[in-house]
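Data block below; observations after.
Quick note: the coordinates plus some simple rules give every number you see, no bench work behind them. Because the structure is predicted, anything quoted here is derived from the model rather than measured. We place every Cβ from the backbone using ideal geometry, glycine too, and count neighbours over all the protein chains shown.
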Amino acid sequence: MEAGKFYVLRGENGAGKSTLLRMIAGLNEPTEGGIFIFGKPNKDARHSMGYMAHAPLLYDELDGMENLRFFARLYGIATDAPLQDAMRRVGLDPGLARRVGQYSQGMRQRLSLARAIFHEPRLLLLDEPFSNVDPESALQIAKLLAGMRSEGNTILLVTHQIGLLANLADEYLMLSHGQLVDRGPMAGGNA
Amino acid sequence: MTQPTQMSITRLTWINVAKDLRLEWRSRDVFNSMMFFALVVVVVFSFAFERDDSRPVMGGLIWIAFLFSTTMALNQSWARELRNGVLDAYRVSPAPAEALFLGKVLGNFILIVLLECLMAPLFVVFYNLNSVGPLWQLVVIALLGTWALVVNGTFFAAMSIRTRNRELMLPLLLLPISVPAVITMVTATTQVLTGEGAPDVQMKFLAGFCVIFTTACFLLFETVLNAE
């Protein structure tokens, strides 16, 4: 994969898309070989990586900012400004004092994306970011991702909603039974 | 890119402790279940023993209440990390796994010590209990014993979180390895309560147990956390 490109990972259910993202993120070990990100083993490149999973990866008992604040401290970010910025970018109000357990599915999804981007990662791994999100919000997220790509960040995204990304992504990668079986430019994409 | 600052393991540990205590304060699911279990033990056994004859068995009774309450707390504290897959968010972050472990140990330790402080007056009331030996020794035994249970329990609870029957797995893993510590805690507590013998050797044993298992669990935790 080339740095600075926007890739869409496709394939039938069980093809290994989420597993591949988890391996790149360092959550699963590959059975052989290694994963290098910007020249470093993936486990040494955690500062440069943002990961959004199928599950929201958020604490229900904390509100949005409290969740982001906790995770930000793990990345060594001690101020709230980048967190508020990330929340605004995904269309959430940083002042919303509501626990995540009371969020709608779409709001959780957006907060989960904010959690993945607050530290401005150079590589963004996204697993179904448009699921449970209304069409307008999905478009907003797609535009946000396009903006991140134009800033030179690399994005690898799993989705079944290809239509949203037809004009935004550079390339698709097709997986089947854990193997890369096809790749090519997205129709009407940037490539 | 947002410029990160280097956070020490101590700072990250306290960030984890603060988060765990905040979650518990808001849900109270761990503390309420621990308190309920401990109360049931105190009340039920108070019918079984005469108030003035119970002193020789109190060491065992006190630690049964705290041992099983601890097991409940430990299961819950990790179950919380599995909900919504939050543990994965920690694992992809650059924060060291050891800070998570120490944070969990300290968070659980604080909760269980708080439980012990609340339950102590009830043991006095229900069993007419007062210490014949020096009280400070009881405090030291309680702190060392609780740490021994919590440090092993947090480690084994982490080991069992991905198993299907984790509530069952934890006691099966924790209790056998904690037997030497539990026996020592019970005998030492009984010695202080009855005033028969000095628990110096037991306290040294507990301190050694805590040091050895804290070190071993600390060093092995990252492997356990990332085990598939």
>> Let me check the size of segment A:1-157 from its C-alpha atoms; what are the radius of gyration and Dmax in Å?
In response: 15.2, 46
> So which GluC sites (Glu not before Pro) in segment B:37-145 end up in coil per DSSP with only 15 or fewer other C-beta atoms within 10 Å?
Replying inline: B:Glu50
> How much net charge surrounds B:Ile112 when only other residues with a Cβ under 14 Å from its Cβ are counted (Lys, Arg +1; Asp, Glu -1)?
Replying inline: -2
> Of all DSSP beta bridges located in the protein assembly as shown, what percent are antiparallel, nearest 5?
Replying inline: 35
> Mean shadow of segment B:79-123, computed from the convex hull of its alpha carbons, in nm²?
Replying inline: 3.8
> How many percent of the alpha carbon pairs in the protein assembly as shown exceed a separation of 37 Å?
Replying inline: 34
> In nm, to one decimal, how far is the B:Val211 label point from the B:Glu50 one, both placed 7 Å along Cα→Cβ?
Replying inline: 4.4
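Find me the longest stretch of chain A that has none of the exposed GluC sites (Glu not before Pro), where exposed means in a DSSP loop (not H, G, I, E or B) with at most 16 other Cβ atoms within 10 Å. Before the final figure, lay out each step's value.
On the way: sites that count: A:Glu2, A:Glu12, A:Glu32, A:Glu151.
The longest such stretch corresponds to A:33-150.
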> Where in segment B:21-60 is the amide nitrogen less than 18 Å from a point lying 7 Å along the Cα-to-Cβ axis of B:Val179?
Replying inline: B:60
> Residue farthest toward the positive end of the dipole of chain A, with Cβ of Lys/Arg at +1 and Asp/Glu at -1: which of A:Thr159, A:Met65, A:Val100?
Replying inline: A:Met65
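Could you tally the net charge around A:Asp127, taking each other residue with its Cβ under 10 Å from the Cβ of A:Asp127, Lys/Arg +1 and Asp/Glu -1? Provide the component values of the computation, followed by the final result.
Working: positive: A:Lys17, A:Arg22; negative: A:Glu128.
That works out to +1.
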> Where Lys and Arg each count +1 and Asp and Glu each count -1, what net charge lies around A:Pro56 among other residues with Cβ under 12 Å from its Cβ?
Replying inline: 0
> Taking Rh as the Kirkwood radius computed over C-alpha pairs, what is the Stokes-Einstein D of chain B at 25 °C in a medium of viscosity 0.890 mPa s, expressed in µm² per second?
Replying inline: 133
> Are there chymotrypsin sites (Phe, Trp or Tyr not before Pro) in segment A:1-40 that DSSP marks as loop and that have at most 15 other Cβ atoms within 10 Å, and which are they?
Replying inline: A:Phe38
